[in-house]
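See below for the structure under consideration.
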Ligand code: G6P
Ligand code: MG
């Protein structure tokens, strides 16, 4: 029986995946890496350090920047990203998420957050969703990023739940892989071809309901 839900943030609860992309796009332009949908997709769910590494690698610039310059680029990206976040409000919650969270609470499911973003407390506050997420994995405490199972394993642990009693929800391929490796049931939000490793995929968050999940699990 499922007892808890472990959520990704960017691209699942809110539109911020777009803002991360826009900010990284600007950094890619600055370092001379050609931006593409493929590159954008490969950054989803990936932490800062590894996102920048991928952008530099895509432009053949792995060794062109010092550690300090890389730090400055990451700071710049975060500054650009936070300019978008500052203007956010609860209208940037993705369709159906608010009622899904309320439904989970009503049915006494445990809820936690497993986002790689260090900005998630700020984003939750902007969305007025902090009250749902008393349990948040702090990405600063992790040894390995997604697709490693560590973050989703912690997402279950902070709920005192066996991972097999949890469902993880993700829009990123590496996120789905992390959920699966942690032994949880995975829900992908997005393109079922891209997220084919997920136990079930919904094209968008408006389809994410307890009834639809139960339907899938009974199949
Ligand atoms: C999430 C997002 C990524 C972002 C990462 C780190 O996983 O999907 O796009 O790069 O968090 O976020 P941060 O806000 O700490 O730079
Ligand atoms: Mg995401």
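Taking the chain as a Gaussian network, where each spring joins two C-alpha atoms under 10 Å apart, which residue of 40, 23, 140 fluctuates the most?
The residue with the greatest mean-square fluctuation here is 140.
Counting other beta carbons within 10 Å of each Cβ, put 152, 109 in order, fewest first. Before the final figure, lay out each step's value.
Values: 152 31, 109 17.
Ascending number of Cβ neighbours within 10 Å: 109, 152.
Any chance you could check the Cα centroid distance between segment 183-219 and segment 26-43 for me, in angstrom?
Their Cα centres are 28 Å away from one another.
Which of 6, 15, 46 comes first, and how do the rest follow, when ranked by fewest Cβ neighbours within 10 Å? It would help to have the intermediate numbers written out before the result.
Numbers: 6 31, 15 14, 46 21.
With the sparsest Cβ surroundings first, the list reads 15, 46, 6.
In what order do 99, 131, 178 fall by count of nearby beta-carbon atoms within 10 Å, going from fewest to most? Intermediate values should be presented prior to the final figure.
Values: 99 12, 131 9, 178 30.
Exposure proxy ranking, most exposed first: 131, 99, 178.
Calculate the translational D of the chain in whole µm² s⁻¹ from Stokes-Einstein, where the hydrodynamic radius comes from the Kirkwood formula applied to all Cα pairs, the temperature is 20 °C and the viscosity 1.002 mPa s.
Working: Rh = 17.7 Å.
After rounding, the answer is 121 µm²/s.
Kindly provide the helix-only [θ] at 222 nm of the chain, computed as the sum of -39,500 (n - 2.57) over DSSP H runs of four or more divided by all residues, to the nearest 500 deg cm²/dmol? Walk me through the intermediate numbers first.
Values: 9 runs with 99 residues, N = 219.
Calculated mean residue ellipticity at 222 nm is -13500 deg cm²/dmol.
Which angle from 0 to 90°, rounded to the nearest 10, does the C-alpha axis of helix 97-106 make with the longest principal axis of the chain?
40 degrees
What is the helix-to-structure angle for 173-182, meaning the angle in degrees between its Cα long axis and the longest Cα principal axis of the chain, kept from 0 to 90 and rounded to the nearest 10?
With both axes taken from Cα atoms, the answer is about 50 degrees.
Nearest 10 degrees, 0 to 90: what angle lies between the long axis of helix 48-58 and the longest principal axis of the chain (Cα atoms)?
In the chain, helix 48-58 runs at an angle near 50 degrees to the longest axis.
How far apart, in nm, are two points set 7 Å out from the Cα along the Cα-to-Cβ line at residue 144 and at residue 192?
For residue 144 paired with residue 192, the spin-label model returns 3.0 nm.
Readers should treat all values here as calculations from the given coordinates under stated rules, not as data from a laboratory. Treat the numbers as computed from the prediction; the structure is a model and nothing was measured. Counting neighbours? That spans all protein chains shown, and the Cβs are built from the backbone with ideal geometry, glycine included.
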